[in-house]
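Worksheet for the structure shown next.
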Amino acid sequence: MAARTKTGALRALALSMSMGLLLAGCAGSPQAVELPEGHAPLSTAPSAPSSAAPSSAAAELDVSELSVASGISMAARLGFDQARVISGTELADLKKSPEENRGSVAVLPTQCGDVIESLNWSPLQMGGEGARTDFLTEKIAATGSVEVAEITDKAALEAHYATVLAMLTECKSVTMHQETETVPFKTSKPQLKAGAADSAIAWTRGTPGQGMRQQALVLIKSKGDHVAMVSFIAADGLEAPEFSQMAAEILNAALAQAG
């Protein structure tokens, strides 16, 4: 079977699948939220009157920001003591569909090429209100991310769920070829309690020691008008059930703020 050349599938997956996640906030009492180092403190000031300067009004947090802060607070309680808020041009870039970078990556089976490219999705791409924070700790060799966004395109969200399902069924074992290197790409469904996530996938790219080696774990769930995505990325070890459990706890904490 002839292999189909994909455009940057290896590079694109590393970017959006692992780092395209937003952070969540606290409920009701911002001053009580435990946030890791690197996360901006939540404003406890009362809402600014209508005559206040725009900069004062901007201090108020939207649902996505509060939800991300809530998720990050849970991550802190689980031992992740460092965080990085994604903002400005970085956040704006996440709202854009990733551009294809022409490369020499060939995928077998060929019909799975487009499916893999479609994994490169973030809730922020729906274009509405959204936020994201990444978190980590020196004690665990994995980086996590929390992303929350307003659901403005339900069809796009459902299409991503379908993509994940396709990766877990007809495309659960894929081979990528780049120049002289052959890279296996395998997916599996994380072990979770019923109802913990609307969509969940774990994938492994490459074998131990390969330069393209990477693992990712991604959980997505919606509540009301918002959807949250929690992910981990690492070179190895994400198959341990502890990561799925932590991701589910962080996801649940983030959605506690959504309605």
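Here are a few things to note about the model shown:
For (1) in a strand (DSSP E or B); (2) out of contact with any helix residue (DSSP H, G or I) (no Cβ under 6 Å at 6 or more places or on another chain), each residue gets a yes or a no:
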position: E90; (1), (2): no, yes
position: A106; (1), (2): yes, yes
position: T110; (1), (2): no, yes
position: N120; (1), (2): no, no
position: A141; (1), (2): yes, yes
position: A149; (1), (2): yes, no
position: A166; (1), (2): no, no
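- Residue that is least open to solvent (accessible area, probe 1.4 Å) [pool: residues in the stretch 168-180 that are in a strand (DSSP E or B) and among the hydroxyl-bearing types (S, T, Y)]: T175
Per-residue answers, yes or no, for (1) under 21 Å from L94 (Cβ atoms); (2) of a type in the set (S, T, N, Q):
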| site | (1), (2) |
| --- | --- |
| R213 | no, no |
| A216 | yes, no |
| I220 | yes, no |
| M229 | yes, no |
| A235 | no, no |
| A240 | no, no |
| S244 | no, yes |
| L251 | yes, no |
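- Test: residue in the stretch 187-194 that is small (G, A, S), open to solvent by less than 10 Å² (accessible area, probe 1.4 Å) and under 30 Å from D62 (Cα atoms): no
- Cβ-Cβ contacts under 7 Å between residues 6 or more apart (or on different chains), taken from a first residue in the stretch 234-250 that is among the hydroxyl-bearing types (S, T, Y) to a second residue that is buried (at least 17 other Cβ atoms within 10 Å of the Cβ) and not in a helix (DSSP H, G or I), are listed as S244/P190; S244/L217.
- Residue match in the stretch 151-161 (condition: over 17 Å from S222 (Cα atoms), open to solvent by 10 Å² or more (accessible area, probe 1.4 Å) and of a type in the set (S, T, N, Q)): no
- Some residue of the stretch 89-100 being within 25 Å of K186 (Cβ to Cβ), open to solvent by less than 10 Å² (accessible area, probe 1.4 Å) and touching a strand residue (DSSP E or B) at 6+ places or on another chain (Cβ under 9 Å): no
- Residue in the stretch 121-133 that is closer than 18 Å to A200 by Cβ, in contact with a His (Cβ under 8 Å, 6 or more places away or on another chain) and either surrounded by 21 or more Cβ atoms within 10 Å (Cβ to Cβ) or of a type in the set (A, V, I, L, M, F, W, C) (or both) present: yes
- Restricted to the stretch 195-210, and to residues there that are crowded, with 17+ Cβ neighbours inside 10 Å and among the β-branched types (V, I, T), the residue that is farthest from the chain's Cα centre (by Cα) is T204.
Yes/no matrix, rows are residues, columns are (1) touching a Lys or Arg at 6+ places or on another chain (Cβ under 8 Å); (2) at pLDDT 95 or above:
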{"residue": "L168", "(1), (2)": "yes, yes"}
{"residue": "E181", "(1), (2)": "no, no"}
{"residue": "A196", "(1), (2)": "yes, yes"}
{"residue": "A202", "(1), (2)": "yes, yes"}
{"residue": "G206", "(1), (2)": "yes, no"}
{"residue": "Q210", "(1), (2)": "no, no"}
{"residue": "L217", "(1), (2)": "no, yes"}
{"residue": "I220", "(1), (2)": "no, yes"}
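- Filter pass, I116 being in a helix (DSSP H, G or I), in contact (Cβ under 8 Å) with a residue 24 or more places away in the chain and either under 15 Å from the mean Cα position of the chain (by Cα) or closer than 20 Å to S222 by Cα (or both): no
- Number of the condition not met by T143 [criteria: (1) open to solvent by 30 Å² or more (accessible area, probe 1.4 Å); (2) farther than 22 Å from A254 by Cα]: (2)
The values are calculated or read from the model by the stated rules, or taken from the named source; none is laboratory data. Given the structure is predicted, the values throughout are model-derived calculations rather than measurements. FYI the Cβ positions are ideal-geometry reconstructions off the backbone, even for glycines, and counts take in every protein chain you see. The protein model used for the area step is the full one, side chains on, heavy atoms only, and it has no ligands, DNA or RNA in it. Shrake-Rupley method; radii C 1.70, N 1.55, O 1.52, S 1.80 Å.
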